[in-house]
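Written below as structure tokens is the structure these notes are about.
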Amino acid sequence: MKPGDFKLKRIDRYIIRQFLGTFVFALSGIILIVVVFDVNEKFDKFMAPELTLKDVIQNYYLNFIPYFVSMFASLFTFIAVIYFTSKLADRSEIIAMLSTGMSFDRLMLPYGISAAIIAVTMFILCAYVIPPANKKRLDFEYTYIKKNKKVEFASNVQLEVEPGIFAYFDQYRNSSRMGYRFSLERFEGKTLVSRLTANSIKYDTLYNWTIIDYIVRDFDGMYEHISDGTRKDTTLMFVPADFLISEDDCETMTSPELSEYISRQKKRGIGNIQTFEIEYHKRMANAFSFFILTVIGVSLSSCKRKGGMGLNIGVGLGLSFSYILFMTITSSFAVSGLVSPMIASWIPNILYTFIAIYLYRKAPR
């Protein structure tokens, strides 16, 4: 491809405009359908006397729509590519372009630009804009729809408070802000030097806890010093949110917040954060999926077929749904610990990259 070929021409602007227009139109249509069904399902909840139409629209649907846009964006990028390119092929416009000396590689340029626009937009939305919207949406759902479905209980919690200091709860109930059968152990190297046990502990404010009915054992070689008390206010560098983990929480964090949260939880030795790691890596992997699905879509639909546009759309839907299914399966592998979250997030892209390369080479020239 010559350097001058990268200059956008009228046909490039036409393809970009049609691609993005078809994408926005198709995505808007499915979002409208989803909203109608959602209103029908939750209508009785929205009729609560304390809710107004403004509350439903402003606090729920304005935050609900971006969430579903992120869910359907890759699927409708694929559909938009196949639909628009199939129309070009049926009208023999692609044959006309190639017959003028335009290479198939050059034909891919406006598609690549369109995919880049969608990918960058969706990455910014998913990484920085949609998480705060999700928080408002989930708060609304917990208050009026799901009725307090947040995680309110944890058991067998163990975490590293500071280097060499480990805390343990047998149980913690967020409704009462109380933990039961609590222990705090201090190590120097591998040697236990102090152990506090308490019947209960109460969370007050940020990092402030009250230990109730406690015993402290300090170890000095072969000697042990024991002290006790009924109530002790102390500062412990963790809060209930560090171990009251809900799967929905990862959707409410921006990518920088996710990265910081994952790093902090790993340092504290808290498990069950695979969902957060998957969400973090999936946002970047999804951005690349737009390019992969675009190449597959153009390669499949750039020539006339006996089945017409319907066959192309059918094959495209099959591939796109298989991509989504495969991503779900690999995510479950990461949750179970069979593969790392990063690998699980990128396996579908790697596999479908090979499919894209194969179809691209088989595409008409």
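For this structure, a couple of remarks:
- For the criterion of being assigned to a helix (DSSP H, G or I), modelled with pLDDT of 90 or more and either small (Gly, Ala, Ser) or under 14 Å from the mean Cα position of the chain (by Cα) (or both), residue 320 fails.
- So residue 72, is it surrounded by 22 or more Cβ atoms within 10 Å (Cβ to Cβ) and aromatic (Phe, Trp, Tyr): no
- For first residues located in segment 258-270 and surrounded by 18 or more Cβ atoms within 10 Å (Cβ to Cβ), partners that are among the β-branched types (Val, Ile, Thr) and lie 6+ apart or on another chain with Cβ distances below 7 Å form the pairs 262/273; 265/273.
- Flag for residue 173 being closer than 30 Å to residue 194 by Cα and not polar (S, T, N, Q): yes
- Selection count where residues are surrounded by fewer than 12 Cβ atoms within 10 Å (Cβ to Cβ) and at pLDDT below 90, scope segment 9-42: 1
Here is a yes/no grid of residues against (1) over 16 Å from the mean Cα position of the chain (by Cα); (2) not charged (D, E, K, R):
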{"site": "106", "(1), (2)": "yes, no"}
{"site": "111", "(1), (2)": "yes, yes"}
{"site": "114", "(1), (2)": "yes, yes"}
{"site": "130", "(1), (2)": "no, yes"}
{"site": "135", "(1), (2)": "no, no"}
{"site": "142", "(1), (2)": "yes, yes"}
{"site": "145", "(1), (2)": "yes, yes"}
{"site": "153", "(1), (2)": "yes, yes"}
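- Meets criteria (buried (at least 18 other Cβ atoms within 10 Å of the Cβ), in contact with a Leu (Cβ under 8 Å, 6 or more places away or on another chain) and within 13 Å of residue 19 (Cα to Cα)) for residue 94: no
- Residue check for residue 78: farther than 30 Å from residue 269 by Cα and of a type outside the set (Lys, Arg): yes
- Of all residues in segment 211-219, at least one satisfies being closer than 22 Å to residue 172 by Cβ and under 39 Å from the mean Cα position of the chain (by Cα).
- Verdict on residue 125 being at pLDDT below 90, among the hydrophobic types (A, V, I, L, M, F, W, C) and in a helix (DSSP H, G or I): no
- Strands (runs of 3 or more DSSP E) (entirely within segment 169-221) containing at least 2 residues that are of a type in the set (Phe, Trp, Tyr) and open to solvent by less than 70 Å² (accessible area, probe 1.4 Å): 178-188, 208-220
- Conditions (1) closer than 30 Å to residue 363 by Cα; (2) in contact with a helix residue (DSSP H, G or I) (Cβ under 6 Å, 6 or more places away or on another chain); (3) at pLDDT 90 or above; number of the one not met by residue 109: (2)
- Residue tally, condition at pLDDT 90 or above and in contact with a Ser or Thr (Cβ under 6 Å, 6 or more places away or on another chain), over segment 214-254: 4
The values are calculated or read from the model by the stated rules, or taken from the named source; none is laboratory data. Values in this document were obtained by computation on a predicted structure and should not be read as measured data. Here the Cβ is made from the backbone with ideal geometry for all residues, glycine too, and neighbour counts use every protein chain on show. Accessible surface is based on the protein model in full, side chains and every heavy atom, while ligands, DNA and RNA are left aside. Shrake-Rupley method; radii C 1.70, N 1.55, O 1.52, S 1.80 Å.
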